[in-house]
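The values are calculated or read from the model by the stated rules, or taken from the named source; none is laboratory data. Owing to the predicted nature of the structure, the values given are computational and were not obtained by experimental measurement. Neighbour counts are summed over all protein chains in view; Cβ atoms, including those assigned to glycine, are modelled from backbone coordinates with ideal geometry. We work out accessible area using only protein heavy atoms, side chains counted, and drop any ligands, DNA or RNA first. Shrake-Rupley method; radii C 1.70, N 1.55, O 1.52, S 1.80 Å.
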Amino acid sequence: MSGHSKWSSIKHKKGAADAKRGKIFTKLIKEITVAARMGGGDPDGNPRLRSAIIAAKSENMPKENIDRAIKKGTGELEGVSYDEITYEGYGPGGVAVLVECLTDNRNRTVAEVKHLFERNGGSLGEPGCVAWTFEKKGLIAIDKSKANEEALFETALEAGAEDVRDEEDQFEVISDPADFETVREAIEKTKLDYELAEITMIPKNTVKLDGKKAQQMLNLMAGLEDNDDVSHVYANFDISDDVLEAMG
């Protein structure tokens with residue numbers, strides 16, 4: 001299983017602890033604010049805002065927090081202005097890494113991101129150096145033990161999904177971003193619980209890691225995710241479940 005879904009599943013399992021520290025809420029509020037600023041405060045006409053609100057609700061963010069973030073984005077309430085920046089680099093073993101940031105201080109953010117790469121066996125690269133490795137897609141990950149493959153395949157494809165992949169202990173439903181919500185709603189109607197549902201960047205190829213490089217890669221991902229200015233991290237590493245379990 002490649003980094004985009006592997007890491008997202010790890011994050012999902014530790015999400016409650018992150019929420020207590022306020023990390024998830026902070027990042028989601030930034031995303032809602034920027035989405036509203038870029039495309040308006042009506043989620044029906046703003047797909048990015050709609051996705052951000054769905055993500056916020058899945059983390060049990062109070063409605064008033066969501067509404068306040070939207071109003072800051074539309075200018076109804078005073079708020080901080082954030083810049084969107086994407087950094088590209090290489091992790092241990094030549095893993096491609098995309099880091100999307102929302103920041104009010106570009107100098108601080110680039111210095112912190114660069115430091116995290118260098119501390120964990122990687123390096124920051126030039127714009128465009130790894131972006132070609134990824135494609136923007138909708139991703140829904142479902143535990144195999146909770147789904148019938150044939151029924152899931154039929155439901156997903158009828159709703160417009162591009163593919164249903166068998167990935168170790170999960171099924172991954174892949175869709176075009178424009179069809180993501182339709183596919184997600186179709187799966188929800190079957191009363192099937194999913195572990196992850198998001199618009200993400202899926203790599204076209206992967207780099208297999210184990211041993212020290214696998215640990216360094218996970219440390220890099222954790223460090224980037226823990227940074228308040230980082231909104232999303234995508235990487236094309238492949239670490240087996242056995243190696244993950246061995247590392248705890």
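For segment 125-153, filtered to residues that are without any contact (Cβ under 8 Å) to a residue 60 or more places away in the chain and polar (S, T, N, Q), the residue that is surrounded by the most Cβ atoms within 10 Å (Cβ to Cβ) is N148. Checking V207, V183 one by one, the residue that is under 24 Å from S58 (Cβ atoms) and not polar (S, T, N, Q) is V183 and no other.
Does A156 fit the bill of being closer than 16 Å to A197 by Cβ, open to solvent by less than 20 Å² (accessible area, probe 1.4 Å) and part of a loop (DSSP other than H, G, I, E, B)? First the steps, then the outcome.
On the way: closer than 16 Å to A197 by Cβ: yes; open to solvent by less than 20 Å² (accessible area, probe 1.4 Å): yes; part of a loop (DSSP other than H, G, I, E, B): no.
So A156 does not fit the description; no.
Note on segment 15-50: among residues that are loosely packed, with under 14 Cβ neighbours inside 10 Å and assigned to a loop (DSSP other than H, G, I, E, B), the one that is modelled with the lowest pLDDT is G22.
Each row is one residue, and each column tells you yes or no for (1) outside any helix (DSSP H, G or I); (2) at negative phi; (3) at pLDDT 95 or above; (4) out of contact with any strand residue (DSSP E or B) (no Cβ under 8 Å at 6 or more places or on another chain).
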site: A52; (1), (2), (3), (4): no, yes, no, yes
site: I66; (1), (2), (3), (4): no, yes, no, yes
site: K72; (1), (2), (3), (4): no, yes, no, yes
site: L77; (1), (2), (3), (4): yes, yes, no, yes
site: Y87; (1), (2), (3), (4): yes, yes, yes, no
site: L102; (1), (2), (3), (4): yes, yes, no, no
site: N107; (1), (2), (3), (4): no, yes, yes, yes
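Would you mind stating whether E225 is modelled with pLDDT under 90, touching a Leu at 6+ places or on another chain (Cβ under 9 Å) and not small (G, A, S)? No; evaluated as a whole, the condition is false for this residue. Only one of the numbered conditions (1) at pLDDT below 90; (2) open to solvent by 10 Å² or more (accessible area, probe 1.4 Å) is violated by T200, and that is (2).
Applying the selection to segment 159-170, what residues are part of a strand (DSSP E or B) and open to solvent by less than 40 Å² (accessible area, probe 1.4 Å)? Walk me through it before giving the result.
Residues of segment 159-170 part of a strand (DSSP E or B): 163-167, 170.
Result: V164, Q170.
From the set of residues in segment 171-197 that are in a loop (DSSP other than H, G, I, E, B), charged (D, E, K, R) and in contact (Cβ under 8 Å) with a residue 40 or more places away in the chain, which is most open to solvent (accessible area, probe 1.4 Å)?
Here is the first cut: in segment 171-197, the residues in a loop (DSSP other than H, G, I, E, B) are 176, 190-195.
Okay, now just the ones that are also charged (D, E, K, R), so 176, 191, 193, 195.
So of that shortlist, the ones also in contact (Cβ under 8 Å) with a residue 40 or more places away in the chain come out as 193, 195.
On the way: D193: 104, E195: 43 Å².
It comes out as D193.
Could we say that V113 is of a type outside the set (F, W, Y) and assigned to a strand (DSSP E or B) here?
On the way: of a type outside the set (F, W, Y): yes; assigned to a strand (DSSP E or B): no.
So V113 does not fit the description; no.
Among the residues making up segment 75-113, a single one is open to solvent by 60 Å² or more (accessible area, probe 1.4 Å), closer than 19 Å to L218 by Cβ and either in contact with a Leu (Cβ under 8 Å, 6 or more places away or on another chain) or among the acidic types (D, E) (or both): E112.
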